[in-house]
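Below: one structure, written as structure tokens.
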């Protein structure tokens, strides 16, 4: 057992080392800057979403007031285009909004927020609001050097600080001549190295834990109602920190000098943190090529032009598919008025989208395959595993955003089906129907979660390292 009297002595020696204290100060400073930047970033995105939601509410309230005023004979409208009960007004003046709500721990990782917006404007006429709108940057690994956040500090910089404070625990004693004195004591050298490493782990992880909880509280993260998420965050950081300390212990046991130990450990850091993620990302691109967005746009344009050239047949097939959309009312067929023109325009957009759907779906399938490929091979790097776990906890992973985009697309289709039946038959909307328009709700249960598997893989790395350390400790150390 460790002697309790040694703890104050080890603490004293640790904090007397200005290099160690400086590294810890840098860690705390970077964490503070990252948390502050993430807070500003997420607050700005949340405000944008609130502004859009308020616009929808205001537009709906204004439309309902105009409908009520019209029904009470308090207002008249000369043009059917401006008539509040007309589907034309709903088509162009009253859009819908889908949004991805921020999770309680969104502060810790911006994640895919660099690529995707947290809200989408849904309109009746065709535009990208109906689609997934995936960008060319589809892999979370391509965002490694994006916005500074806590995940970046923890995944990429924390291991480096750990290695810089523990790489020479044994070698410095040998180089200073104190190793023979330590070896003369009734304690195994491997046990003494392990004790020193554990002391440093205790100090650094305690500072990391206190700083993390303090920052979460400062930036108004609701810890009281999310204790389980906080526990998972602490467990993730604990396992990741333990991995790098155990790796340092392993290299110390090998008996190299300080310079060689530092080179080995920093090389391993580069290997796990940069080389493997870059290689996985590159192979994901090569094995799962994705068509250019320009090709997708050009295909949709060509499909639209082809459909428009054979519009009469296409419209007949459309009404066979949706007989409840068909109307014999003359105004719905008269292209010289706003109602007939609007119905014709929406019908063409809808038909073109149906014909384009297979190509768009194939594009999204390739995006999912690439992301899944990266997901499958993240086991090669603890850094990739932890990044996945932290973005999962924050609700900013590719899984969250891809699920949101699918749900937004499904909502857009449902909303369009609900309204088109009334628009195509020149139905006059009531204020109650405006209030009953479908409202988007994001369902977190539909998001694929891999946190449990991530933690299991991290633990497996620790077990493997522990077994290797046990084997090496049994060998005679170079004195």
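Debye-formula intensities of the stretch 225-329, expressed as log10 I(q)/I(0) at q = 0.10 Å⁻¹, are -0.67 (one equal scatterer per alpha-carbon, no solvent). Against the main long axis of the alpha-carbon atoms of the chain, helix 189-218 sits at an angle near 30°.
Against the chain, whose longest principal axis comes from its Cα atoms, helix 18-71 is set at around 10 degrees.
Taking 0.36 nm per residue of sequence separation and removing the Cα-Cα distance, the residue 319/residue 333 pair yields an extension gain of 3.7 nm. With R₀ fixed at 25 Å, the C-beta to C-beta distance from residue 198 to residue 266 puts the FRET efficiency at about 0.65. Annotation: extensible slack from residue 414 through residue 341 equals 24.0 nm (criterion: 0.36 nm per residue apart, minus Cα-Cα distance). For the stretch 225-239 and the stretch 425-479, what is the separation of their Cα centres, given in Å? Spelled out, the Cα-based centre of one part sits 13 Å from the other. Its convex hull of Cα atoms gives the chain a direction-averaged projected area, equal to a quarter of the hull surface, of 28.1 nm².
Counting only alpha carbon atoms, the long axis of helix 311-321 and the longest principal axis of the chain meet at about 70°. Peptide packing for 250-259, 289-298 was compared via the average number of neighbouring C-beta atoms within 10 Å per residue; ordered from the highest value, the list is 250-259, 289-298.
From the helices alone, meaning DSSP H stretches of at least four residues, give me the mean residue ellipticity at 222 nm for the chain, per-run term -39500 (n - 2.57), in deg cm²/dmol to the nearest 500. Let's see the in-between values first.
Working: 17 runs with 310 residues, N = 479.
Rounded to the nearest 500, it is -22000 deg cm²/dmol.
Neighbour counts of C-beta atoms inside 10 Å place 155, 56 in the sequence 56, 155, starting with the fewest. Among 307, 453, 335, the order by Cβ neighbours within 10 angstrom, fewest to most, reads 335, 453, 307. Among 401, 20, 471, the order by Cβ neighbours within 10 angstrom, fewest to most, reads 471, 20, 401.
What per residue convex hull volume, in Å³, comes out for the stretch 275-317 when only alpha-carbon positions are used? All intermediate terms of the calculation are to be shown ahead of the outcome.
Working: hull volume 3.7 nm³, N = 43.
So the per-residue Cα hull volume is 85 Å³.
What FRET efficiency comes out for the pair residue 224/residue 422, r = Cβ-Cβ distance, R0 = 30 Å, nearest 0.05? After rounding to 0.05, the efficiency reads 0.05. Approximating the spin labels as points 7 Å out from Cα along Cα→Cβ, the residue 40-to-residue 76 distance works out to 5.7 nm.
Mean separation of Cα pairs under 8 Å and 6 or more residues apart, divided by the residue count, gives the chain a relative contact order of 27 percent.
Taken together, the values in this text are just the output of simple stated rules run on the coordinates, not laboratory data. Worth saying up front: this structure is predicted, and the values here are computed from it rather than measured. Counting neighbours? That spans all protein chains shown, and the Cβs are built from the backbone with ideal geometry, glycine included.
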